[in-house]
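Comments concern the structure below.
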Amino acid sequence: MKLGRILGFVAVIILIVNLAYFYPRITGQGFYEPEIVNVTEVIDGDTFKTEGSSIRLLCLNTPEKNKPFYEEAKIFLAEYEGKEIQILRDKDDEDKYGRKLRFAFYGESFINKEIVEKGLSHLYLCEGTRYYSDLKEAEEKAMENEVGIWKKSESRCSGCFELISLEPEAEFFTIKNNCDYECKGEVKDEANHFFQLSLKAWEEKTIESNNIWNDGGDRFFLRDEEGLLLYYSY
């Protein structure tokens, strides 16, 4: 009898653990209840409006206006205009602009993840959120397949750049051109700070980054004039 009670107790614990793990993934529910909203207007690839609210999709940073793949990301999200979707908050409710930070779902589709899978966004401020592991896997797949923002440049400067060091706390980085001709590109961090870079043949240059990169580490993107990837480091 005592053994039966123990086994029954263990079975209940296993059931609770399984529900805690799988239920949020299947339904999008968990710590917070999902809301049903109507997408009234898409602003860009990671922001849209509902009746009375602006929604910023969690974990995403799609290209800025006038940058490559901006239109593709916006067009994809615009497919949901006029439709009812589910949104779900995580640990933070709003960003500094008063926009609600949310994951978004439509039927069986996890919208945030699909944007990442298509290479229309890299992850941004995502660690510690519920779906981080799923989104990280989607990003790695997009990188491997070289789609969207992960498509590599075929210019002659592809393979020329070498990031010698990136010192976020000291606010500088050192980069070298390993080719015997001048190479140019546009540097971007994990957020949306951009500046132009030009290195002469075999030149090594140290550049002050002016508080661009996070002290705890950040990403380094270098793209050609078409927005294709010349160099990436994390």
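The values are calculated or read from the model by the stated rules, or taken from the named source; none is laboratory data. Nothing here was measured: the structure is a model prediction, and the numbers come from that model. We place every Cβ from the backbone using ideal geometry, glycine too, and count neighbours over all the protein chains shown.
Could you please find all residues in the stretch 101-143 being within 21 Å of K83 (Cα to Cα), touching a Ser or Thr at 6+ places or on another chain (Cβ under 9 Å) and part of a helix (DSSP H, G or I)?
N112, I115
Name the one entry in I115, I175, I85, I149 that is modelled with pLDDT of 90 or more and within 14 Å of L222 (Cα to Cα).
Only one candidate passes the filter, namely I149.
Just name the residue that is surrounded by the fewest Cβ atoms within 10 Å (Cβ to Cβ) out of those in the stretch 131-145 that are under 17 Å from R219 (Cβ atoms) and in contact (Cβ under 8 Å) with a residue 40 or more places away in the chain.
In this case the residue turns out to be Y132.
When you go through G119, G148, G159, G128 one by one, which is the residue that is closer than 24 Å to D44 by Cα and free of Cβ contacts under 8 Å to residues at least 60 places away in the same chain?
G119
Which residue out of K91, K96, K74 is in a helix (DSSP H, G or I) and either in contact (Cβ under 8 Å) with a residue 40 or more places away in the chain or not hydrophobic (A, V, I, L, M, F, W, C) (or both)?
K74
Look at K49 and say whether it is of a type in the set (K, R), farther than 18 Å from G107 by Cα and buried (at least 19 other Cβ atoms within 10 Å of the Cβ).
No; evaluated as a whole, the condition is false for this residue.
So L163 fits all but one of (1) assigned by TED's automatic domain parsing to the domain that holds F220; (2) crowded, with 19+ Cβ neighbours inside 10 Å; what number is the exception?
Only one criterion is unmet by L163, namely (2).
In this structure, is P63 modelled with pLDDT under 95, surrounded by fewer than 19 Cβ atoms within 10 Å (Cβ to Cβ) and under 21 Å from V147 (Cβ atoms)?
So P63 does not fit the description; no.
Out of (1) of a type outside the set (A, V, I, L, M); (2) at negative phi; (3) at pLDDT below 95, what's the single condition that is false for D134?
The number of the failed condition is (3).
Take N145 and decide whether it is in contact with a Gly (Cβ under 9 Å, 6 or more places away or on another chain) and closer than 23 Å to W202 by Cα.
When the stated conditions are applied, N145 does not pass them.
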